[in-house]
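Notes for the one structure printed next.
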Amino acid sequence: MRHRIAVVGSGPGGLTFARVLHRHDHPVTVLERDPAPDARPPGGTLDLHEGLGQLALDKAGLLAEFQALSRPEGQAMRILDADGTVLRDWRPGPDDRANPEIDRGQLRDLLLGPLDVRWGRGVTQVVPGTPDGVLVHFADGRQETFDLVVGADGAWSRIRPAVSAVTPHYTGVTTVETSLDDVDARHPDLARLIGDGSLAVYGVNRALVAQRNSGGNVKVYAQFRAPLDWHTDLDLADAEAVRSSLLALFDGWAAPVLDLLGHGAAFVHRPLYVLPVSHTWTHVSGVTLLGDAAHLMPPLGAGANLAMLDGAELAESIATGSGDLGEAVRAFEERMWARAGRWAKITTAGLERLVSPDPAEALALFDQVQPS
């Protein structure tokens with residue numbers, strides 16, 4: 001008999017899990033609260049690492065399709081001083097595919113493929129240990145049971161309370177995001193400033209980062225250390241008020257750099273939360289977590305990669321194992337915890353250096369991770 005398996009969340013980790021199971025002809029139910037794939041903006045670009053996200057796609061049989069969609073040139077990275085001086089300008093070689101970029105929407109569509117997703121099925125709670133398996137409660141009042149429920153539902157997971165009482169905590173760093181559309185035609189000076197990939201400018205306890213997506217779209221992120229309630233007297237829905245507040249925060253920076261904030265039509269507040277560096281739990285039969293639900297960490301290029309490899313490895317453990325579902329899940333959890341713990345330490349230390357009192361720390365970190 002095939003196990004009844006559900007994964008909650010249609011992000012990169014949940015979909016990779018489902019695609020690898022699908023490749024092994026194992027049925028899986030994908031539960032997603034959004035009513036449709038395009039119900040909300042998918043977010044910015046992702047760099048998928050050779051030994052992480054790309055490895056997961058290979059396990060799903062999708063690596064060649066990814067390579068056709070990805071943008072190796074998006075690996076380029078330029079760092080400026082707050083006065084506009086170019087400090088570093090790294091460009092990938094013609095055959096460099098260590099961390100090519102792909103838009104989140106393109107990755108989602110690639111992973112969705114033939115999967116049957118139950119859209120508009122928000123999960124509110126799971127209850128393990130019932131006579132018929134794990135009981136899933138839906139927002140519309142319905143219920144269903146499964147042999148295994150995988151929580152791939154992100155930072156504020158509704159599945160996590162079934163295995164862990166831990167909740168995310170604020171890092172002290174917040175991000176405000178905006179977008180520039182058709183940048184090459186509408187803002188050619190900014191397009192040249194950003195280059196083919198990403199641009200970063202570091203100051204005292206703050207940074208501005210611009211990142212190219214496909215189709216001439218650029219995501220701009222203002223990052224700074226602040227209390228969680230820093231915006232109490234600011235209407236975050238008022239784009240001009242937010243813009244003025246940010247321009248004041250970055251006062252004194254070079255005009256071309258500040259111009260990154262000058263053209264966004266809307267701003268989104270994204271405070272950075274994390275789970276403890278070594279987040280583990282006592283195994284609970286029939287429930288597990290992957291990705292941000294299991295190991296939320298600073299967004300420094302590892303999160304989606306780890307989630308995808310989590311999903312691929314868990315699916316392989318189930319599909320190719322002895323048939324003992326609990327054994328497969330426990331073995332996966334041990335591997336995931338060890339890997340996630342290493343990356344959580346790296347990214348936590350990285351955030352401390354990237355948004356720090358000494359901007360030279362950010363530059364030194366870049367020199368450590370980028371090839372010379």
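What is the packing order of peptides 19-30, 298-309, taking the mean over residues of other C-beta atoms within 10 Å and listing the highest first?
Values: 19-30: 19.6, 298-309: 24.1.
Highest-to-lowest ranking by the protection proxy: 298-309, 19-30.
Please sort through the DSSP H helices of the chain and keep those with an alpha-carbon extent of at least 18 Å along the long axis and a Kyte-Doolittle average not below -0.5.
Working: long enough: 303-320 (25 Å, 0.58); 325-354 (42 Å, -0.31).
Passing helices, by number: 303-320, 325-354.
State the dimensionless ratio Rg/Rh of the chain (Rg: radius of gyration of Cα atoms; Rh: Kirkwood radius). Intermediate results must be reported in sequence, preceding the final value.
Details: Rg = 21.1 Å, Rh = 21.6 Å.
For the chain, the value is 0.98.
On the full set of protein chains, 1.4 Å probe, figure out the accessible area of E65 and give it in Å² to the nearest 10.
Counting only protein heavy atoms, the figure is 100 Å².
Classify region 40-119 from the C-alpha gyration tensor, please: rounded if a/c falls under 1.5, else prolate or oblate depending on whether a/b exceeds b/c. Walk me through the numbers before you get to the answer.
Numbers: a/c = 3.40, a/b = 1.79, b/c = 1.90.
Here region 40-119 falls in the oblate category.
Using a 1.4 angstrom probe on the protein heavy atoms only, could you order K219, K59 from most to least accessible area? Kindly include the intermediate steps, with their values, before the conclusion.
On the way: K219 25, K59 50 Å².
In descending accessible area the options line up as K59, K219.
What is the P(r) of region 233-372, as percent of Cα-Cα pairs per 5 Å bin from 0?
Spelled out bin by bin, region 233-372 gives 2, 8, 14, 14, 13, 13, 12, 9, 7, 5, 3, 1, 0 percent.
A254 to W337: extension gain in nm, 0.36 nm per residue of separation minus the Cα-Cα distance? Walk me through the numbers on the way to the answer.
Details: separation 83, 0.36 × 83 = 29.88 nm, distance 4.32 nm.
So the extension gain works out to 25.6 nm.
Remind me, relative contact order of the chain in percent, using alpha carbon pairs under 8 angstrom and six or more residues apart?
Numbers: 750 pairs, mean separation 82.8, N = 372.
Averaging sequence separation for qualifying contacts and normalising by length gives 22 percent for the chain.
Give the relative contact order (percent, whole number) for region 1-75; include only Cα pairs under 8 Å separated by 6+ residues. Numbers along the way, then the final one.
Numbers: 53 pairs, mean separation 20.5, N = 75.
Relative contact order here is 27 percent.
Using a 1.4 angstrom probe on heavy atoms only, work out the carbon and sulfur share of the accessible area of the chain in %.
Working: 8230 of 16250 Å².
After summing per-atom areas, the C and S share lands at 51 percent.
Distance between Cα centroids, region 282-307 to region 251-280: provide it in whole Å.
Centre-to-centre (Cα) distance: 23 Å.
As a check on your grasp of the helix formula, calculate [θ] at 222 nm for the chain: sum -39500 (n - 2.57) over DSSP H runs of n ≥ 4, divide by the residue count, round to the nearest 500.
On the way: 12 runs with 124 residues, N = 372.
Helix contribution divided over all residues of the chain: -10000 deg cm²/dmol.
If you put +1 on each Lys and Arg Cβ and -1 on each Asp and Glu Cβ, how big is the dipole of the chain around its Cα centre, in Debye rounded to 20? Numbers along the way, then the final one.
On the way: 33 positive and 48 negative charges, 132 e Å.
The dipole magnitude comes to about 640 debye.
With a 10 Å cut-off between alpha carbons and a GNM built on the chain, which of R192, R160, R206 moves the most?
Highest fluctuation of the listed residues: R192.
The values are calculated or read from the model by the stated rules, or taken from the named source; none is laboratory data. All values reported here derive from a predicted model rather than from experimental measurement. Note that each Cβ is placed from the backbone with ideal geometry, even for glycine, and that neighbours are counted across all protein chains shown. Each accessible area value is taken on the protein alone, full model and side chains, heavy atoms only, with ligands, DNA and RNA left out. Shrake-Rupley method; radii C 1.70, N 1.55, O 1.52, S 1.80 Å.
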